[in-house]
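Read through the structure below, which is laid out as structure tokens, and then see the notes.
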Amino acid sequence: MAKERAVVVGAGGISNAWFPPLRREKVRVVAVVDLNIEAARKQIAQYELEAEASDDLKATLRKHRPDFVVDLTVPDAHCAVTCAALAAGCHVIGEKPMAGSMAEARRMVRAADRAGRLYMVSQSRRWVDKHYAIRGAIGAGAIGRLTTANCDFYMGCHFGGFRDRMPSPLILDMAIHHFDLARFLTGADPVSVYAREFNPRGSWYRGDAAADCLFEMTGGIVFSYRGSWCAEGCHTSWQGDWRLIGEKGTLLYERDESPRGQAVRKAGGFHSELKDLKVPVRAMKHGGMHGALREMLAFLRTGRRPQTECHDNIQSLAMVFAAIESSRKGKRVPVRAM
Ligand SMILES: NC(=O)c1ccc[n+]([C@@H]2O[C@H](COP(=O)([O-])OP(=O)(O)OC[C@H]3O[C@@H](n4cnc5c(N)ncnc54)[C@H](O)[C@@H]3O)[C@@H](O)[C@H]2O)c1
């Protein structure tokens, strides 16, 4: 069967999570582009690709005319790389976060519209079986109408590289996952936020590596987020530890363990009579980046639009930049995507 052809841009750490699913889906990677051509050559050799190494994106796109581009560059390069690929007539699947600013993200959405091409963001934590299970349980009314979502994320991460130098490393590079997950789990969109970013004493990051954020979501849902990338010891999971509260019960999702919960069996008395809730988790065949890639391939083959295509995903990014703005201004601000 004829297979799709792709150009991968950015041959850094995360490309190791992309080449295996690209191979499993039999996508033909025709070129790997990196400003550091040695990085491209190294990945081509490591994954035994019949691909060209390049440091010139536009010339590579003109030469190979791929079906789609996989943008795995650093956040500040996403806008230039993705817009160049869209202008060259390619669909794009790119790593989160969509862009380094809202102005850039809006430019990317307009570039996709102008080119009539799809741009989707790989928000890898969407394709996790337990997350589907939680969303399904909430959607089925297991805890009644949702009122509140809390997420705590605490880790001490010594990356080196771009995260140590960027402003707002936690909010822009990590909390984007949790903010997007909040939208996914609750089915609600952001309305406004009050946030405070800070850099804890002793931090090894230049930018603020910690934050507390309070979002108002549609349907009156309150989403509170506390996080730090500069917290040694007693780590939470990468997904964050979650408490989701509805009018009739609560779900907990902590340390990557199966979600569990309690719901009201009988109201009355000081505490209601409660029953334990089971949240059935059906194993997913294609998780993380593989799940995202499958949605791009499904789009190419059937026209079905991926859940994280740019017009949707920009709402998650808008949470990031509204939180940063709120912290700078010291007041509550609206979350505006376009
Ligand atoms: N989904 C996840 O869980 C997850 C995890 C880690 C990283 N990421 C994301 O993946 C992206 C890359 O992260 P990384 O850890 O691989 O970074 P990295 O620094 O290891 O690699 C980035 C590569 O991009 C190249 N590059 C930068 N600008 C370029 C440009 N304009 N054209 C071509 N190449 C360019 C760099 O030379 C480098 O080789 C980031 O957006 C990051 O947030 C996602």
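The values are calculated or read from the model by the stated rules, or taken from the named source; none is laboratory data. Predicted model only: the values in this text are computed from it and were never measured. All Cβ positions, even for glycine, are placed from backbone atoms using ideal geometry, and neighbour counts span all protein chains on display.
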When (1) touching a His at 6+ places or on another chain (Cβ under 9 Å); (2) outside any strand (DSSP E or B) are applied to residue 31, the one that fails is (2)
Being among the hydrophobic types (A, V, I, L, M, F, W, C), touching a residue at least 24 places away in the same chain (Cβ under 8 Å), surrounded by fewer than 20 Cβ atoms within 10 Å (Cβ to Cβ) and within 30 Å of residue 212 (Cα to Cα) is the requirement here; does residue 324 meet it?
no
List the number of the failed condition for residue 121; all other conditions in (1) under 19 Å from the mean Cα position of the chain (by Cα); (2) more than 17 Å from residue 291 (Cα to Cα) hold.
(2)
I'd like to check something: does region 197-204 contain any residue that is in contact (Cβ under 8 Å) with a residue 24 or more places away in the chain, within 20 Å of residue 131 (Cα to Cα) and hydrophobic (A, V, I, L, M, F, W, C)?
no
If I ask for residues that are among the aliphatic types (A, V, I, L, M), assigned to a loop (DSSP other than H, G, I, E, B) and more than 16 Å from the ligand (Cβ to nearest atom), which ones from region 95-143 would you list?
118, 140, 142, 143
For residue 39, which of the numbered conditions (1) away from the ligand (no atom under 11 Å from the Cβ); (2) out of contact with any strand residue (DSSP E or B) (no Cβ under 8 Å at 6 or more places or on another chain) fails to hold?
(1)
Among the candidates 296, 338, which residue alone is within 24 Å of the chain's Cα centre (by Cα), within 16 Å of the ligand (Cβ to nearest atom) and either outside the structural domain of residue 118 (by TED's automatic domain parsing) or touching a residue at least 40 places away in the same chain (Cβ under 8 Å) (or both)?
296
State whether one or more residues within region 155-173 are of a type in the set (D, E, K, R), surrounded by fewer than 19 Cβ atoms within 10 Å (Cβ to Cβ), in contact (Cβ under 8 Å) with a residue 24 or more places away in the chain and not in a helix (DSSP H, G or I).
no
Restricting the first residue to region 73-87 and requiring it to be near the ligand (Cβ under 7 Å from one of its atoms), which pairs with a second residue that is among the polar types (S, T, N, Q) meet a Cβ separation below 6 Å and a spacing of at least six or different chains?
81/73
Restricting attention to region 29-46, report how many residues are surrounded by fewer than 20 Cβ atoms within 10 Å (Cβ to Cβ) and under 25 Å from the mean Cα position of the chain (by Cα).
2
Determine which member of the set 208, 212 is in the same structural domain as residue 174 (by TED's automatic domain parsing), among the charged types (D, E, K, R) and surrounded by 19 or more Cβ atoms within 10 Å (Cβ to Cβ).
208
